[in-house]
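Quick notes on the structure that follows.
The values are calculated or read from the model by the stated rules, or taken from the named source; none is laboratory data. Because the structure is predicted, anything quoted here is derived from the model rather than measured. Glycine gets a Cβ as well: all are built from the backbone with ideal geometry, and neighbour counts include every protein chain shown. When the accessible area is computed, the model is the full protein with side chains, heavy atoms only, and any ligands, DNA or RNA have been set aside. Shrake-Rupley method; radii C 1.70, N 1.55, O 1.52, S 1.80 Å.
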Amino acid sequence: QVQLVESGGGLVQAGGSLRLSCVASGGIFRLNAMGWYRQAPGKQRELVAATPRDGSTNYADSVKGRFTISRDNAKNTVYLQMNSLKPEDTAVYYCNADIVRYIGSREYNYWGQGTQVTVSS
């Protein structure tokens, strides 16, 4: 059973930093695209940052220059370094990944359970 487990969320003051981690486990042949999404109360889930397997990156305009996504394919892990945090960054952050479980099989999309990030003003 594939699992994505996030960690690193918490409460931080505006201007502070947090680093989120997401580890994929449970019978994985290859991790393709990985990304971070967030959902604030009363709002739709939105893409924060994503990285294909080749390590290229793309970001939501609202986090460009403040957040950095990276991945370690050997550890099946994706990170989100969040700097200069703002109260509007408060949300539940979700890890997302496209995973191929077996040689020759198609990829499937998986979600983590989410980790709360709260930024106080």
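Filter the strands (runs of 3 or more DSSP E) completely within the range 7-47 down to those with at least 1 residues that are within 25 Å of Ser105 (Cβ to Cβ) and open to solvent by 60 Å² or more (accessible area, probe 1.4 Å). First the steps, then the outcome.
On the way: elements: 10-13, 18-25, 30-39.
The qualifying strands (runs of 3 or more DSSP E) are 18-25, 30-39.
The residue pairs whose first member lies in the range 52-73 and is touching a residue at least 12 places away in the same chain (Cβ under 8 Å) and charged (D, E, K, R), whose second member is surrounded by fewer than 12 Cβ atoms within 10 Å (Cβ to Cβ) and not in a strand (DSSP E or B), and whose beta carbons are closer than 8 Å, counting only pairs six or more residues apart or on different chains, are Arg71/Gly55. Restricting the first member to the range 100-121 and to residues that are part of a loop (DSSP other than H, G, I, E, B), and the second to residues that are open to solvent by 50 Å² or more (accessible area, probe 1.4 Å) and among the aromatic types (Phe, Trp, Tyr), the beta-carbon pairs closer than 7 Å and six or more apart or on different chains are Arg101/Phe29; Tyr102/Phe29; Ile103/Phe29. Restricted to the range 1-38, and to residues there that are among the charged types (D, E, K, R) and at pLDDT 95 or above, the residue that is farthest from Thr118 (Cα to Cα) is Glu6.
Gln3 fulfils the conditions (1) surrounded by fewer than 17 Cβ atoms within 10 Å (Cβ to Cβ); (2) more than 25 Å from Arg101 (Cβ to Cβ) except for a single criterion, (2).
How many of the residues making up the range 77-99 are outside any strand (DSSP E or B), open to solvent by 10 Å² or more (accessible area, probe 1.4 Å) and within 13 Å of Tyr37 (Cα to Cα)? Outline the logic, then answer.
Start the filter on the range 77-99 by keeping residues that are outside any strand (DSSP E or B), which leaves 83-90.
Imposing the further condition that a residue be open to solvent by 10 Å² or more (accessible area, probe 1.4 Å) reduces the set to 83-84, 86-88, 90.
Subset that is within 13 Å of Tyr37 (Cα to Cα): 90.
Count: 1.
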